[in-house]
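**Q** Here you go, one structure.
The values are calculated or read from the model by the stated rules, or taken from the named source; none is laboratory data. Quick caveat, the model's predicted, so the values are computed rather than measured. Because the Cβ atoms are built from the backbone with ideal geometry, glycine has one as well, and the counts that use them run over all protein chains shown. Heavy atoms of the whole protein, side chains included, go into the accessibility calculation; ligands, DNA and RNA do not. Shrake-Rupley method; radii C 1.70, N 1.55, O 1.52, S 1.80 Å.
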Amino acid sequence: MTAVMEKADAQPKAGEIPSFDVTIKVRRFNPEGDAAGESHWDEFRITAYGTDRVLDALHKIKWEHDGSLTFRRSCAHGVCGSDAMRINGRNRLACKTLLKDINPQRPITVEPIKGLPVVKDLVVDMEPFFASYREIMPFLITKGNEPTKERIQSAEQRERFDDTTKCILCAACTSSCPVFWTDGQYFGPAAIVNAHRFIFDSRDEGAQQRLEILNDKEGVWRCRTTFNCTEACPRGIEVTKAIQEVKRAMITRAF
Amino acid sequence: MITHQYDVVIVGAGGAGMRAALESSKEARTAVISKLYPTRSHTGAAQGGMCASLANVEEDNWEWHTFDTIKGGDYLVDQDAAEIMAKEAIDAVFDLERMGLPFNRTPEGKIDQRRFGGHTRNHGEAAVRRACYAADRTGHMILQTLYQNCVKQDVEFFNEFYVLDLITDRDLATEDVEEGAEVNATGVVAYDLATGEIHVFQAKAIVFATGGAGKIFKTTSNAHTLTGDGMALAYRRGLPLEDMEFFQFHPTGLAGLGILLSEAARGEGGILRNADGERFMERYAPTIKDLAPRDIVARSMANEVREGRGAGPNKDYVLLDLTHLEPAHIDAKLPDITEFARTYLGIEPYTEPVPVYPTAHYAMGGVPTNVAGEVLRNGHDVVKGLYAAGEVACVSVHGSNRLGTNSLLDINVFGKRSGRSAAAYAKTASFIDLPENPAAAVEAQLTELRERPDGERIADIRRALQETMDANAQVFRTGESLNQALSDIRELRKRYQNASVQDKGKMFNTDLLEAVELGFLLDIAEVTVVGALNRKESRGGHYREDYPQRDDAHYMQHTMAYRRPTAAADEADGHIAGYFDHVEEFDGYKVVLGSKTVTQTRYEPMERKY
Ligand SMILES: Cc1cc2nc3c(=O)[nH]c(=O)nc-3n(C[C@H](O)[C@H](O)[C@H](O)COP(=O)(O)OP(=O)(O)OC[C@H]3O[C@@H](n4cnc5c(N)ncnc54)[C@H](O)[C@@H]3O)c2cc1C
Ligand code: SF4
Ligand code: FES
């Protein structure tokens, strides 16, 4: 911008798309204090613009109304996986959901994702989620000597697992899964997606071990193909399809 | 207070931190402390690529890469470091591939490569394909691959722990430590977000890998969490910060939002146009046009807007045109960034050009290190046991302007080097006793912040800071605009003293941490502006309209900024009368500038033309 500018926020967004008022209902939970451990709804009324996302609304609440409102966020454009939450009853990333796209005429509800212990407001304990991820051996397993240069992989072989490399471990899928809600031991879609990423990588030689792990009673067979996960995934990964492919691999790769 | 002891403590779990951890955890007992879950780090946002002269698709070599890096940085690059980086780039890419990184492939199944700004064949003849990539998700794949390998290697993480202080055995901020004297880093103090507990980590070696500081600006491609913590912590302990006035503004941020659209968009054929549809880069950089280095493209764009050729209702952005590219090509090579345009601006890049404007992107400056990753406390002495790598550090391979794809490379090459150096040092060193109550300062700070009477909101001060930085210290700067920024920062510092947090709890108190982070931002904005005021020339990312020429005779030096007590001497190491002698008094301390020599090996500075 020019060296000395009159006002830094002469951005087009306010000019092009008019502002509107919206009510946000947030599910609150404070682990400390007088009402510790009881959750309740809080309502906030804020003014928003056309390009504002749910994350902007939460920031507005935190920065202008109630500093104690607690949620995770970092990148603010859907790549770090910090802010999966239940928005109007559906799992989404707050930073990727524009207010104008979810009918701001009605109050918008925001709750923590389900199936993981709530720590404070919209923050849940992610450790059980990451523990399942770590269990499926989410790393390339190879035998023999390393090549001096790169391993050769054709574009087609690379394409075979492209979809599941996109995962940002946001847990939107796993925490939308009815099986996971009732049985926290279930590996859940995200772990299977990450197993898929390696099982179908032509360079990997650990498929057998991963398939054995997922053949467990808490493994892929618990999936009832409700497609909630696919709908929830903010990266557009065909999660259910990936789970089906892992199931099929179990049958065809003979065990 | 809980205490821990590790041979090596790495602060930060982005690309640089995890690359260091993979090295050091093989050799020494290592802990990685990160305020985010590792996979949330902003390395994951990097899009376009990581360069190395693999020559997989056309002729290339590390010497051309070295030259491009030096010229791209407008010759303020330490040439020995650039040469190391360009040479080690090749193994750095192969390392990642062998760890499992899913690179895009050539028809022969090798790692594919594409063009990127400033990377050329034979010293500037034409653009060369040097960037290795995985669609426009290269950073995501690097971050995931490194994390996966940390899981494989069982690296120990302390996630959602904020490091809030660095402990050294001599306090450079208050003591007058003579040159050559030994100073050791002995530990860090961290705050566990989940519980509010303070943890002290005693270590033989510490690696800072805390990333950038883009949040000093309003319009930025950086994450909310990039608040310059590591830089500010070092600075507060009396360590210098190098070349902070050089901040990169990336040409193509989504207008009004700052979300990045990778240079890969232009590497794949995208064209910048003004309101008249003119391909204006032909006027500014006739040879490589839209693929000129970022500082040149960003200024050209800002100039188009300033001269009234901007597009849109307020004529305040230019257009990135991809409409001539095949949709299938866009989907294969640029899927994420085109999705950003759709999601956030409702623009369909297949058929409509995308509104873009420069966005604050990358800190070229940082904590000074040598090529082994050791942190310098002046122009030549190292702090024993202290290392830094990645965006927090300044080696300096980027000089006054970083080339695209050189940062993902930097974090891998120097992440690896500093991890190795730290582990090797830890093996020979012993623990040094910590002071009586090492967490006292942090505890006092947090208690004071929590208990302050109701005052102004942190967010208001932060917004004002970001607005003055955007208005006065962006792609065009003048003495006047910078003085305005400085006086605003002074004012904001006063307001910060009385600002209060509303959340008084112990558990997951992000309100409190945002207040702490604002303190870091104020420090970083302050050194950035002081450095910019002092540098009365234009070079790379730092453009002074009142001094539009590069002035090698006087300013071919790295800036070193030291925070010192008011009573300390007004001359710092590398003092050059009339040029690197600036002293700026603040409330209770002052910033003293000195300099450090630029290492030149084989390349003589030339005029930078593209
Ligand atoms: C949108 C975008 C696109 C980019 N694209 C490219 C590209 O295509 N090619 C390229 O070469 N470069 C690119 N860059 C630049 C490059 O991605 C970054 O410079 C690089 O990833 C920085 O890595 P890092 O490891 O230094 O820091 P980060 O990845 O930012 O990690 C910082 C770490 O430090 C931790 N941390 C910070 N403060 C504290 C604290 N106080 N206590 C504890 N932990 C802390 C964080 O939790 C995090 O783990 C891009 C940058 C952006 C923003
Ligand atoms: S598969 Fe999709 S929804 Fe599930 S964790 Fe990965 S990115 Fe999130
Ligand atoms: S904040 Fe990173 S995904 Fe939403």
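**Q** Please report, in debye to the nearest 20, how large the charge dipole of the protein assembly as shown is about its Cα centre when each Lys and Arg carries +1 at its beta carbon and each Asp and Glu carries -1 there. Mind dumping the intermediate values first?
**A** Values: 103 positive and 127 negative charges, 486 e Å.
The calculation lands at about 2340 debye.
**Q** Toward the positive end of the charge dipole of the protein assembly as shown, about the Cα centre and with charges on Cβ (Lys, Arg +1; Asp, Glu -1), which of B:Thr174, B:Ala28, A:Cys75 goes farthest?
**A** A:Cys75
**Q** Ignoring the sites themselves, what is the longest stretch of chain A with no GluC sites (Glu not before Pro) in a DSSP loop and at most 10 other beta-carbon atoms within 10 Å?
**A** Between exposed loop sites, the widest span is A:39-255.
**Q** Accessible area per residue of chain B at 1.4 Å probe, in Å²?
**A** That works out to 30 Å² for each residue.
**Q** Next question. Quick one: grab the alpha carbon gyration tensor of segment B:532-582, order the square roots of its eigenvalues as a ≥ b ≥ c, and give me rounded if a/c is under 1.5, else prolate or oblate depending on whether a/b is larger than b/c.
**A** Taking the square roots of the gyration eigenvalues as a ≥ b ≥ c, segment B:532-582 is prolate.
**Q** Additional query: What is the dipole size for chain B, taken about its Cα centre, with +1 at each Lys and Arg Cβ and -1 at each Asp and Glu Cβ, in debye to the nearest 20?
**A** Its charge dipole is roughly 980 debye.
**Q** Here is a follow-up. What are the residues whose amide H is under 5 Å from the amide H of B:Thr220, where those residues sit 5 or more places off or on another chain and H is modelled from the backbone?
**A** B:Ala360
**Q** While we're here: Out of residues 5 or more away from B:Asp551 or on other chains, whose amide H comes under 5 Å of its own, with H placed 1.01 Å from N in the peptide plane?
**A** B:Ser538
**Q** Can you compute the modelled spin-label distance between B:His380 and B:Lys504, with each label point 7 Å from Cα toward Cβ, in nm?
**A** 5.5
**Q** How many Å² of accessible surface get buried when A and B come together, counting both sides, probe radius 1.4 Å, rounded to the nearest 100? The partial results should precede the final answer.
**A** Numbers: alone 13810 and 21250 Å², together 28580 Å².
Summing both chains' loss of accessible area gives about 6500 Å².
**Q** I would also like to ask the following. Starting from the Cα-Cα distance between B:Glu307 and B:Ala181, subtract it from 0.36 nm times their residue separation and give me the gain in nm to one decimal. Display every interim value, and only then the final one.
**A** Values: separation 126, 0.36 × 126 = 45.36 nm, distance 5.46 nm.
Difference between extended and current length: 39.9 nm.
**Q** Assuming R0 = 45 Å, what is the FRET efficiency of B:Ala424 and B:His123, from their Cβ-Cβ distance, to the nearest 0.05?
**A** The computed FRET efficiency comes out at 0.80.
**Q** If you take the charge dipole of chain B about its Cα centre, with +1 on Lys and Arg Cβ and -1 on Asp and Glu Cβ, which of B:Val9, B:Ser481, B:Gly211 is farthest toward its positive end?
**A** It is B:Gly211, whose Cα lies furthest towards the positive end.
**Q** Still on this model: Which residue, A:Val118, A:Met85, A:Thr23, has the largest displacement toward the positive end of the dipole of segment A:13-124 when charges sit on each Cβ (Lys, Arg +1; Asp, Glu -1)?
**A** Most positive-ward Cα: A:Met85.
**Q** Same structure again: Cysteines of the protein assembly as shown lacking any other cysteine beta carbon under 4.7 Å?
**A** A:Cys95, A:Cys167, A:Cys170, A:Cys177, A:Cys223, A:Cys233, B:Cys51, B:Cys132, B:Cys150, B:Cys394
**Q** To continue, here is another question. Magnitude of the Cβ-charge dipole of chain A, K/R +1 and D/E -1, about the Cα centre, nearest 20 debye?
**A** Computed charge dipole of chain A: roughly 580 debye.
**Q** While we're looking at this one, here's another question. Report the calculated FRET efficiency for B:Ala553 and A:Ala155 (r = Cβ-Cβ distance, R0 = 41 Å), to the nearest 0.05.
**A** 0.20
**Q** Taking the Cα-to-Cβ direction at B:Thr174 and at B:Arg279 and moving 7 Å from each Cα, how far apart do the two end points lie in nm?
**A** With each label placed 7 Å out from Cα toward Cβ, I get 6.2 nm.
**Q** Please turn the phi angles of segment A:133-148 into ³J(HN,Hα) values with the Karplus equation 6.51 cos²θ - 1.76 cosθ + 1.60 (θ = phi - 60°), one per residue in order, whole Hz, x for glycine and proline.
**A** Each residue of segment A:133-148 in turn: 4, 5, 5, 7, 6, x, 7, 5, 10, 9, 10, x, 7, 6, x, 6 Hz.
**Q** When ranked by the protection proxy of mean other Cβ atoms within 10 Å per residue, highest first, what sequence do the peptides B:206-213, B:464-471, B:434-441, B:338-345 form? Spell out each step's value before the answer.
**A** On the way: B:206-213: 32.9, B:464-471: 22.5, B:434-441: 15.0, B:338-345: 20.8.
Ranking, from highest mean packing down: B:206-213, B:464-471, B:338-345, B:434-441.
**Q** Give the accessible surface of segment A:13-124 per residue, rounded to a whole number of Å², with probe radius 1.4 Å and ligands, DNA and RNA excluded.
**A** Numbers: 4320 Å² over 112 residues.
That works out to 39 Å² for each residue.
**Q** Could you check how much of the accessible area of the protein assembly as shown is carbon and sulfur, as a whole percent, using a 1.4 Å probe?
**A** 47
**Q** What FRET efficiency comes out for the pair A:Gln244/A:Gln208, r = Cβ-Cβ distance, R0 = 22 Å, nearest 0.05? Numbers along the way, then the final one.
**A** Details: r = 19 Å, r/R0 = 0.88.
Efficiency for this residue pair is about 0.70.
**Q** Which whole number gives the average count of other chain Cβ atoms within 10 Å of the Cβ atoms across peptide B:508-520?
**A** If you average over the peptide's residues, the count of other-chain Cβ atoms is 3.
**Q** May I ask you to order B:309-319, B:72-82 by the average number of other C-beta atoms within 10 Å around their residues, highest value first?
**A** Result, highest mean Cβ count within 10 Å first: B:72-82, B:309-319.
**Q** List, in order, the whole-Hz ³J(HN,Hα) value for each residue of segment B:424-433 obtained from phi through the Karplus relation with A = 6.51, B = -1.76, C = 1.60 and θ = phi - 60°; use x for Gly and Pro.
**A** Once θ is set to phi - 60°, the couplings for segment B:424-433 become 4, 5, 4, 5, 9, 8, 10, 5, 10, 4 Hz.
**Q** Nearest 10 degrees, 0 to 90: what angle lies between the long axis of helix A:189-199 and the longest principal axis of chain A (Cα atoms)?
**A** Helix A:189-199 and the main axis of chain A meet at about 40 degrees.
**Q** Counting each DSSP H run of 4 or more residues in the protein assembly as shown as -39500 (n - 2.57), what helix-only mean residue ellipticity at 222 nm follows after dividing by all residues, to the nearest 500 deg cm²/dmol?
**A** It comes out at -9500 deg cm²/dmol, rounded to the nearest 500.
**Q** Moving on to the next point. Work out, step by step, the length gained on full extension between B:Glu585 and B:Ala444: first 0.36 nm times the residue separation, then minus their alpha carbon distance; give nm to one decimal.
**A** 48.3 nm
**Q** Let me know the mean shielding of A:59-66 by other chains, meaning the per-residue number of their Cβ atoms within 10 Å of its Cβ.
**A** On the way: counts 2, 1, 0, 8, 8, 3, 2, 3.
Mean partner-chain Cβ count within 10 Å for A:59-66: 3.
**Q** Report, by chain and number, residues whose modeled amide H sits under 5 Å from the one on B:Ile33, excluding near sequence neighbours (fewer than 5 apart, same chain).
**A** Those qualifying (amide H under 5 Å, at least 5 residues apart or on another chain) are B:Ile10, B:Val11, B:Gly12, B:Phe158.
**Q** I need the phi-derived Karplus couplings for segment B:188-197: 6.51 cos²θ - 1.76 cosθ + 1.60, θ = phi - 60°, integer Hz, Gly and Pro marked x.
**A** 9, 10, 10, 10, 8, 4, 5, 10, x, 6
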